[in-house]
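Asks: Sharing a structure below in structure tokens format, with a few things to ask.
Each reported figure results from applying straightforward, stated rules to the coordinates on display, with no laboratory input. The shown structure was predicted, so the numbers you read here are calculated from the model rather than taken from an experiment. Positions of Cβ are generated from backbone atoms using ideal geometry, with glycine treated the same way; all protein chains shown enter the neighbour counts.
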Amino acid sequence: MSAAVARHFTSVFLLLLAAARPAPGQSPSTEPLRKTDLVRLLTVGTIRSAELAALVNRNCLSFIPTARDRADLVSLGADTALLRALAACARRVEAAPPAPGAARARPPLVRRPPADAARRVVARPVAPPPVAVAPPPPPPPPLPLSTTLTGFVSGVGQHGAVGTRPTLPLVFQARDTTGGPAMGEVVTLGVTNGRLGAARAVTDSSGRLSVDLTLGPKAGATVVRATVRTLIREATLFPEAGAVVRLMLRCGDTPIERKVAFTRESPLLFRVTGQDAFGNPVPVPHVAAATGDKGVLRVDYAGGDSLGGVLRVTPGEPGSTSLVVVASGRREDITAVVLQNRDSGASCRRPG
């Protein structure tokens, strides 16, 4: 920009500011300077800094300078006097009370809908009628069960110790009249002389199920019953007595407990058997015996015959001693008393 143009611009700008001054008799009023005004005056450079500071003091500002505004003006050549004038004007703007009669802030404009908008009715979309879905067809009825192929197929007739599970699993199967497996059939179970893990079971995809069975407690027979629909099937297994846990002595029909009494010169015969943990009799093929005093009680024979263990003793002098009987790894200790009076002895059968 040429110096002549700059001087012309400055003259025009100052004339505009002077025209904005009030005429005599009017209330004082000035047109505050904008930031763009200060930028133009600093850029043209035809007005001295002191004049520009006086202009700011007289007209003040239309804005409150920020740190960014001050930095911009300094970069264009603003000196300390102009910065002080800016700060003083900013303080006056902040401290000045609002002018009387100043227009209050208008509330936000609320647009009202046209009068006929209330009469407008927006039709809601109508949902399509539900599509009728046909229920799935009922499953076909199960085929009748085969009376010849439904029953126990494994584990029947086996032997085992009482209180134990069978060595081979007891298996039940259900098949229909076509020979195919009847899957998902509910089978009700029952047992005589045994214990079941569950009273109901369901056949698997092969139409089978395994019975959770414990034999006994009595030696003899265990009978398992399975009911599926209207069919009833049975399986018999044979529990046997378990291991000997104690020995039992019997004199004729009299069982001998911890003590036995004899009469003098009366040989007696004892039968010896074993007993398992469930009270089942267990035969013992052979016995051994000894006494603490052979003068009071003498062992004539200890062994066995076709019926099991046999023990024969002969009382001697009156007194008391111990009788020890051993068989099948078990031992029984009995107190034997020999009486003086023949009529007060134990009632036992004499050997023939």
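Asks: Along the Cα→Cβ direction, 7 angstrom out, place labels at M183 and R330. What is the inter-label distance in nm?
Replies: 5.2
Asks: While we're looking at this one, here's another question. If each residue of separation counts as 0.36 nm, what is the full-extension length gain between A199 and D79 once their alpha-carbon separation is subtracted? Don't jump to the answer; show the numbers that get you there.
Replies: Working: separation 120, 0.36 × 120 = 43.20 nm, distance 10.68 nm.
Separation in residues times 0.36 nm, less the Cα-Cα distance, equals 32.5 nm.
Asks: Roughly what % of Cα-Cα distances in the stretch 226-324 sit above 21 Å, to the whole percent?
Replies: Tail of P(r) above 21 Å: 45 percent of Cα pairs.
Asks: While we're here: Leaving out same-chain residues fewer than 8 places away, which lysines sit with a Cα under 22 Å from that of K294?
Replies: Leaving aside lysines fewer than 8 places away in the same chain, those within reach of K294 are K259.
Asks: Enumerate the amide H contacts of R264 below 5 Å, restricted to partners 5 or more residues apart or on another chain; note that Pro and chain-start residues carry no placed amide H.
Replies: L339
Asks: Let me ask something additional. Rounded to the nearest 20 Debye, what is the dipole magnitude of the stretch 235-292 about its Cα centre when Lys and Arg each give +1 and Asp and Glu each give -1 at the C-beta?
Replies: Dipole magnitude for the stretch 235-292 comes out near 220 debye.
Asks: Convert each backbone phi in the stretch 253-258 into a coupling constant with the Karplus relation 6.51 cos²θ - 1.76 cosθ + 1.60 (shift: θ = phi - 60°), then list the ³J(HN,Hα) values in order as whole Hz, x for Gly and Pro.
Replies: 9, 9, x, 9, 9, 4
Asks: Return the distance in nm (one decimal) between the two label points of a simple spin-label model at L143 and L231, each offset 7 Å from Cα along Cα→Cβ.
Replies: 1.2
Asks: Sort 130-141, 147-158 by packing, meaning the average of other beta carbons within 10 Å per residue, with the highest value first.
Replies: 147-158, 130-141
Asks: What is the distance in Å between the Cα centroid of the stretch 131-183 and that of the stretch 251-309?
Replies: Value for the Cα centre distance between the two parts: 53 Å.
Asks: With θ taken as phi - 60° and the coefficients 6.51, -1.76 and 1.60, list the Karplus ³J(HN,Hα) couplings across the stretch 238-252 in order, rounded to whole Hz; mark glycine and proline as x.
Replies: Working through the residues one at a time gives 10, x, 10, 4, x, 5, 5, 10, 7, 9, 10, 10, 9, 10, x Hz.
Asks: Order the peptides 291-298, 70-77, 166-173 from the highest to the lowest mean number of other Cβ atoms within 10 Å of their residues. Before the final figure, lay out each step's value.
Replies: Numbers: 291-298: 16.1, 70-77: 13.8, 166-173: 17.9.
By packing density, highest mean first, the sequence is 166-173, 291-298, 70-77.
Asks: Let me ask something additional. Choose one of V299, L209, T188: the residue whose Cα lies farthest towards the positive end of the charge dipole of the stretch 179-300 (beta-carbon charges +1 Lys, Arg; -1 Asp, Glu; about the Cα centre).
Replies: Of V299, L209, T188, it is V299.
Asks: Throw me the Rg/Rh for the stretch 168-243, computed over C-alpha atoms with Kirkwood Rh, two decimals.
Replies: Ratio of gyration radius to Kirkwood radius for the stretch 168-243: 1.03.
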